[in-house]
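The values are calculated or read from the model by the stated rules, or taken from the named source; none is laboratory data. Everything numeric here is computed off the predicted structure, so don't read it as measured data. For neighbour counting, all protein chains shown are included, and Cβ atoms are generated from backbone atoms with ideal geometry for every residue, glycine included. Calculation scope for accessible area: heavy atoms of the full protein, side chains included, ligands and nucleic acids excluded. Shrake-Rupley method; radii C 1.70, N 1.55, O 1.52, S 1.80 Å.
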Amino acid sequence: MLRPATFPAGFLWGAATSAFQIEGARHAEGKTDSIWDTFAHTPGRIADGSNGDVACDHYHRYPEDIAIMRGLGLDAYRFSISWPRVIPNADGAVNAAGLDFYDRLVDALLDAGLTPYPTLFHWDLPAWVAERGGWADRSVIGWFGAYADAVVRRLGDRIGTWLVIHAEGVRAVRAAAPGAAVGAAWNMDVTYPASDDTADIAAAERFHARTNAWYLDPLVRGAYPTAYLDMDAALGRMDIRPGDMEAMRTEFDLIGLNLYSRAIVAHDPSDALSGMRREQGPGWRQSFGWEVWPAGLRRILRRVDADYGHPAIYITENGCADATGPGPDGAVHDADRVRYIEGHLGQMARAIDEGVDVRGYFAWSLLDNFEWQAGYEQRFGMVWVDFDGDLRRVPKDSARRYAEIAAGGALDYDDALE
Ligand code: BGC
């Protein structure tokens with residue numbers, strides 16, 4: 001049955017981006033390379049041979065991008081803060097000029113009535129950290145804490161909510177900005193068993209544990225979930241030392257969920273460690289090839305709500321790759337993305353009707369941007385960017401439809417979808 005989608009008063013409507021994907025300004029004002037600069041400049045790594053040197057040039061065009069968000073009537077903007085802009089070298093010195101950029105950005109957002117939701121770290125690890133062992137070297141915990149501390153000290157007087165990684169990030173924010181809310185964004189693949197067979201259901205649970213709960217459980221519950229047929233072997237590979245599990249445990253004020261697609265999982269004994277395989281589903285495909293299954297958003301929201309004690313949840317990313325560009329009329333009629341957004345917002349409203357505490361939604365992404373290994377070939381933006389020309393921005397049909405729903409425009413959801 002179709003029901004009208006409604007959203008609670010104060011529900012936060014936003015858009016999300018990440019630093020490396022939009023900023024450009026590779027070496028501006030003291031920034032050094034991240035692992036994505038070095039990777040993109042390695043021949044053969046990026047599908048279209050591109051890199052992030054200029055990207056959307058958001059570093060210089062942020063006032064225009066903020067004006068677009070304001071024009072759409074959005075409430076909030078989630079962006080990430082480039083670690084190598086803030087701490088460019090192994091000596092650990094803080095680059096004040098790099099922080100100045102985020103200072104200007106935050107002030108401009110607040111002036112435009114948009115609430116900033118900064119994310120500390122979105123894949124762009126400084127090259128100097130990678131050269132010293134990166135995530136595999138325990139010193140990274142202290143290096144990350146120092147970066148978080150520098151950022152929070154500089155911007156903390158204007159930020160209500162921080163998104164971080166690791167317990168060390170939570171500690172750094174709580175120490176430097178005791179009044180702020182802290183969360184993290186977890187990328188999840190909502191999981192469906194391939195059949196009602198108990199073996200498939202158990203395999204799907206292992207997949208959920210390995211893909212989704214693996215990163216959340218140690219932090220909020222202090223233990224890894226049962227994700228492998230042989231958990232002793234899996235944990236034995238991880239070099240967990242006395243005190244690690246205690247140090248990892250922390251408390252979040254909110255949980256961020258990123259969702260793009262779903263996984264259908266079957267039991268498969270030929271995979272000795274995990275005992276599972278993924279199967280294809282019948283939904284339509286976004287241009288990246290991922291299956292579109294809007295009811296998955298309701299399902300993952302209910303799962304997280306039930307498993308983690310009814311937390312405050314934000315959808316920190318959700319979006320659709322759709323390459324549609326300007327047509328003869330100059331407008332961008334991205335019908336697939338419109339369909340994607342309508343379906344997912346509807347199923348989110350359904351979860352809210354069912355009692356899940358969803359506080360906000362950030363569409364991925366505000367702008368077409370550097371889609372990692374796919375370069376500029378996959379476009380996730382609600383705003384088209386002319387990468388072959390002058391980087392002009394053109395809000396797409398999806399941006400208008402999203403703004404319309406955010407402003408209370410009519411939308412239905414199907415309450416029979418699973
Ligand atoms: C990442 C984004 C990326 C998107 C689409 C998300 O998991 O956070 O940076 O653009 O996936 O691939």
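Some notes on this structure:
- Each peptide among 395-407, 356-368 gets the average number of other Cβ atoms lying within 10 Å of its residues, and from highest to lowest they stand as 356-368, 395-407.
- Magnitude of the charge dipole, the range 297-356, Cβ model with Lys/Arg +1 and Asp/Glu -1, debye to 20: 240
- Ranked by the mean number of other Cβ atoms within 10 Å per residue, highest first, peptides 281-289, 103-111, 299-307 order as 299-307, 103-111, 281-289.
- Cα gyration tensor shape for the range 255-338, rounded if a/c is under 1.5, else prolate or oblate: oblate
- Counted as membrane-span-like here are DSSP H helices of the chain whose alpha-carbon atoms extend 20 Å or more along the helix's own axis and whose Kyte-Doolittle mean is -0.5 or above; these are 96-111, 139-155, 335-353.
- Candidates ALA172, ALA90, ALA25, ranked by Gaussian network fluctuation over the chain, Cα under 10 Å, top entry: ALA90
- Shape category assigned to the chain from the gyration tensor of Cα positions, a/c cut at 1.5: rounded
- Taking all protein chains into account, the per residue accessible area for the chain stands at 40 Å² (1.4 Å probe).
- Accessible surface of the range 353-397, 1.4 Å probe, proportion on carbon and sulfur as whole %: 36
- What the Cβ-Cβ distance of ARG158 and ASN187 gives, at R0 = 22 Å and to the nearest 0.05, is a FRET efficiency of 0.20.
- When the chain is described by a simple charge dipole with +1 on each Lys and Arg Cβ and -1 on each Asp and Glu Cβ, the residue from PRO269, TRP13, ALA177 located farthest towards its positive end is ALA177.
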